[in-house]
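So the structure is just underneath, and the comments pick up after that.
The values are calculated or read from the model by the stated rules, or taken from the named source; none is laboratory data. Small disclaimer: the values here were computed from a predicted structure and weren't measured. Quick reminder, even Gly has a Cβ in these numbers, built from the backbone with ideal geometry, and neighbours come from all protein chains shown. Calculation scope for accessible area: heavy atoms of the full protein, side chains included, ligands and nucleic acids excluded. Shrake-Rupley method; radii C 1.70, N 1.55, O 1.52, S 1.80 Å.
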Amino acid sequence: MAEPVVRIPDAKVALSTASVYPESTATAFEIAARLGYDGVEVMVWTDPVSQDIEALRRLSDYHQVPILAVHAPCLLITQRVWSTDPWIKLQRARAAAEKLGASTVVVHPPFRWQRQYARDFVSGMWRMADETDVRFAVENMYPWRYRDREMLAYAPDWDVTKDDYRHFTIDLSHSATSRVDAMHMVDRMGDRLGHVHLADGRGSAKDEHLVPGRGTQPCAELLERLALTGFDGHVVIEVNTRRAMSSAEREADLAEALAFTRLHLASALKVPRR
């Protein structure tokens, strides 16, 4: 006879500060504390607080919510945040992570028009990884689509598994937009999967970032696999709540996402009865 037991992995569940947009970085800390998240991932973008290490430290201390990861300013709207030089951006992201006690820096592959940066990106990632204990986890992206046209906007590739990086981030909204099999991508990442952006999608050309369980991506399956394999990275809720009609509706979405994640990280295993 065997009885089911529950094993919960060491992975912590964090809230991306991007999940409260258009609310502020400070609001993300408040919500994370109120709902019981294990920490936050700071998206460094146009909110001045997100760029200010001391302000972030004060928020973390006040709310007793640790900063587990820093997302480097890689978006189109952050091209001038922390310098226009992409390598300086990454150096500042690493310094922020080290000072704030975060274990991971999330980074996107370069835009194709950043030619020199793209040419040196893979070797540069290894060089920077060798200089710190902070993980640089390179995130899968997607082709840009408009009607029947497709533009390859990232280099060396939006599918980061085609290149050699020490650590990866899997983003399930991005896998939906790129219309690839997310679990096959996870297989290719193997034990270099160090970070997860949990969101859902339906395969739209737009990067949807739905609450997990509201799209077609294998969110539950991925979480259950992470539990069974003893994943020790972070699972970050990175969802789009811009259409929420009120603060209460936004918070309800983020509570649902947290409950979904904790439920599926608790894996039932069969063990012999003593």
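Restricting to region 58-79, name every residue that is at negative phi and loosely packed, with under 15 Cβ neighbours inside 10 Å. Lay out the reasoning, then the answer.
Within region 58-79, the first condition is being at negative phi, and the residues that meet it are 58-63, 65-79.
Correct list: Arg58, Asp61, Tyr62, Leu76, Ile77, Gln79.
Just for region 162-183: of the residues that are among the basic types (Lys, Arg) and under 16 Å from Pro109 (Cα atoms), which one is least open to solvent (accessible area, probe 1.4 Å)? Full working, then the answer.
Within region 162-183, the first condition is being among the basic types (Lys, Arg), and the residues that meet it are 162, 166, 179.
Next, only the ones that are under 16 Å from Pro109 (Cα atoms) stay: 162, 166.
On the way: Lys162: 135, Arg166: 82 Å².
Step by step, filter region 162-183, then rank; the result is Arg166.
Quick check: anything in region 66-79 at pLDDT 95 or above, in contact with a helix residue (DSSP H, G or I) (Cβ under 6 Å, 6 or more places away or on another chain), farther than 28 Å from Leu265 by Cα and not polar (S, T, N, Q)?
Scanning region 66-79, I find at least one residue that is at pLDDT 95 or above, in contact with a helix residue (DSSP H, G or I) (Cβ under 6 Å, 6 or more places away or on another chain), farther than 28 Å from Leu265 by Cα and not polar (S, T, N, Q), so the answer is yes.
Being assigned to a loop (DSSP other than H, G, I, E, B) and under 12 Å from Asp200 (Cα atoms) is the filter; apply it to region 215-266 and report the residue that is most open to solvent (accessible area, probe 1.4 Å). Steps first, answer last, please.
Our first condition is that a residue be assigned to a loop (DSSP other than H, G, I, E, B); within region 215-266, this holds for 215-218, 229-233, 238-246, 266.
From the residues that got through so far, the ones that are under 12 Å from Asp200 (Cα atoms) too are 215-218, 238-240.
Numbers: Gly215: 26, Thr216: 97, Gln217: 31, Pro218: 30, Glu238: 17, Val239: 6, Asn240: 60 Å².
Going through the qualifying residues, I end up with Thr216.
I need every pair where a residue in region 1-29 that is acidic (Asp, Glu) has its Cβ under 7 Å from the Cβ of a residue that is at pLDDT below 95 and part of a loop (DSSP other than H, G, I, E, B), sequence separation at least 6 or different chains.
Glu3/Arg273; Asp10/Asp232
Conditions tested, residue by residue: (1) touching a helix residue (DSSP H, G or I) at 6+ places or on another chain (Cβ under 7 Å); (2) small (Gly, Ala, Ser); (3) assigned to a loop (DSSP other than H, G, I, E, B).
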| site | (1), (2), (3) |
| --- | --- |
| Ala28 | yes, yes, no |
| Lys99 | yes, no, no |
| Pro109 | yes, no, yes |
| Trp126 | no, no, no |
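Go through (1) assigned to a loop (DSSP other than H, G, I, E, B); (2) open to solvent by 30 Å² or more (accessible area, probe 1.4 Å); (3) farther than 30 Å from Val122 by Cβ for Pro212 and report which single condition fails.
(2)
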